[in-house]
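What follows is a single structure, written as structure tokens, with notes after it.
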Amino acid sequence: MSLVPMRSLLDHAAENDYGIAAFNVNNMEQIQSIMEAAETTNSPVIIQASRGARKYTNDAYLRHLMLAAAELCPHIPVAMHLDHGNSLPTCLSAIEQGFTSVMMDGSLMEDGKSAAAYEYNVEVTKKVAQAAHVQGVSVEGEIGCLGGIEDGHGAGLTGDEAKKHLTDPEQAERFVAATGVDALAVAIGTSHGAYKFTRKPTSEVLAMDIIEEIHKRLPNTHLVMHGSSSVPVELVDIIRMYGGFMKETYGVPVEEIRRGIKHGVRKINVDTDNRLAITGAIRKVFACNPTEFDPRSYLGPAREAMKQVCVARMIAFGQAGMAGKIKQVTCQQMIAFYKRNGQRSRRRRR
Ligand code: G3H
Ligand code: 13P
Ligand code: ZN
């Protein structure tokens, strides 16, 4: 089966009230972890690659690994998504390389760091949506800025500054109408990386009410939560136990994500939890077997540890059991859908 557009997965999730984890990948083992977890739980899959991941892997390796995943698991619908695209050319090159979905993160300037003006965001995201939709490719936009600088993304905001850049629901409504995105990432106080919160987040730091308000205004737009790793203490403790150092830290509790899913969140981005699982597993092998040097002896357990995280999130977000219920479509088939949508909105404007 070919890779499917992300929109088709999110539509099914919305019709059936569940969310889908979007896991970041940088290598073969991570793709295998996700696909094994999807096989175990019968889940639809969103695999995403950042610009850094594309540079690290090379698009050709990535494309062929993704095609292998789809070929080996024909009954699992798999979408291949660009995470945090920074410009029209980046998004176009991803589409050329077989991505079935792209994120245009116009909340930041092309440098991927400085906060961008609303007008710039609308302009660049609209251009990407037009170019992607004529090829049946799905588009995610973002409005508001995430905090967090650990992974080189984000506007480098402190917690207090990030609060000022939370998504404005009224602006979100205008943004979706102006750009035509399929999915919208919203800023509700989360940040990328392992160091999100210094204590368990309360409603003061994690603004779930913004999601509820946006969903009321945009009931048909798929909402996306970035920076949604839960940073489980068990995973952090394994790293600490085997020689790593990590400060005390808290992530986004799974029960808060589930609350978001009740209010229109359909895509949940998770990268850090898998990084933690992989690192802990590798550290354990090295600490327990200092003579080990066959990469399979540590990459194998790392793959298994990441699989366990993916299985847990797939069950918690409600995507488990859904793979077989989704009618698989191609990007080619989505072209007609976007054409009809475009005609309808042009008629409404007249
Ligand atoms: O958006 C952030 C993801 O965790 C990807 O991070 O840019 O280090 O690949 P990366
Ligand atoms: P985490 O760092 O919380 O896993 O977030 C990943 C993400 O949002 C990728 O876009
Ligand atoms: Zn992100």
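If the condition is being crowded, with 20+ Cβ neighbours inside 10 Å and either touching a residue at least 60 places away in the same chain (Cβ under 8 Å) or farther than 30 Å from residue 176 by Cα (or both), then region 84-98 contributes only 84.
Within region 63-83, residues that are among the small types (Gly, Ala, Ser) sit with their Cβ atoms under 6 Å from residues that are assigned to a strand (DSSP E or B) and within 16 Å of ligand 1 (Cβ to nearest atom), at 6+ positions apart or across chains, in these pairs: 79/46; 79/101.
Determine, yes or no, whether residue 31 is within 16 Å of ligand 1 (Cβ to nearest atom) and either under 20 Å from residue 330 (Cβ atoms) or among the aromatic types (Phe, Trp, Tyr) (or both).
no
Of everything in region 57-69, what is out of contact with any helix residue (DSSP H, G or I) (no Cβ under 9 Å at 6 or more places or on another chain) and assigned to a helix (DSSP H, G or I)? Give them in sequence order. Residues satisfying the conditions are 60, 63, 64, 67. Among the criteria (1) surrounded by fewer than 19 Cβ atoms within 10 Å (Cβ to Cβ); (2) in a helix (DSSP H, G or I); (3) more than 22 Å from the chain's Cα centre (by Cα), the one residue 293 does not fulfil is (2).
Checking 312, 287 one by one, the residue that is aliphatic (A, V, I, L, M) and either loosely packed, with under 15 Cβ neighbours inside 10 Å or within 16 Å of ligand 3 (Cβ to nearest atom) (or both) is 287 and no other.
Selection within region 52-79: residues that are among the aliphatic types (A, V, I, L, M) and within 15 Å of ligand 1 (Cβ to nearest atom). The member of this set that is surrounded by the most Cβ atoms within 10 Å (Cβ to Cβ) is 62. Residues that are basic (Lys, Arg) and either touching a residue at least 60 places away in the same chain (Cβ under 8 Å) or over 30 Å from residue 334 (Cα atoms) (or both) number at least 1 in the following helices (runs of 4 or more DSSP H) confined to region 169-285: 233-241, 254-262.
Consider residue 336 carefully, then state whether it is out of contact with any helix residue (DSSP H, G or I) (no Cβ under 9 Å at 6 or more places or on another chain) and at negative phi.
Numbers: out of contact with any helix residue (DSSP H, G or I) (no Cβ under 9 Å at 6 or more places or on another chain): yes; at negative phi: yes.
Taking the combined requirement at face value, the residue satisfies it.
Is it true that residue 170 is at pLDDT 95 or above, surrounded by fewer than 17 Cβ atoms within 10 Å (Cβ to Cβ) and not hydrophobic (A, V, I, L, M, F, W, C)? Don't jump to the end; show me each part of the working.
On the way: at pLDDT 95 or above: yes; surrounded by fewer than 17 Cβ atoms within 10 Å (Cβ to Cβ): yes; not hydrophobic (A, V, I, L, M, F, W, C): yes.
Taking the combined requirement at face value, the residue satisfies it.
Taking into account only those residues within region 195-233 that are surrounded by 21 or more Cβ atoms within 10 Å (Cβ to Cβ) and among the small types (Gly, Ala, Ser), which is farthest from the chain's Cα centre (by Cα)? The extreme case among them is 230.
Determine whether region 13-25 contains at least one residue that is touching a helix residue (DSSP H, G or I) at 6+ places or on another chain (Cβ under 6 Å), away from ligand 3 (no atom under 16 Å from the Cβ) and not hydroxyl-bearing (Ser, Thr, Tyr). Looking through region 13-25, none of the residues is touching a helix residue (DSSP H, G or I) at 6+ places or on another chain (Cβ under 6 Å), away from ligand 3 (no atom under 16 Å from the Cβ) and not hydroxyl-bearing (Ser, Thr, Tyr). Taking the criterion of being surrounded by fewer than 17 Cβ atoms within 10 Å (Cβ to Cβ), in contact (Cβ under 8 Å) with a residue 40 or more places away in the chain and in a helix (DSSP H, G or I), the only residue of region 113-127 that qualifies is 118.
The values are calculated or read from the model by the stated rules, or taken from the named source; none is laboratory data. This structure is a prediction, so every number in the text was calculated from the model and none was measured. Note that each Cβ is placed from the backbone with ideal geometry, even for glycine, and that neighbours are counted across all protein chains shown.
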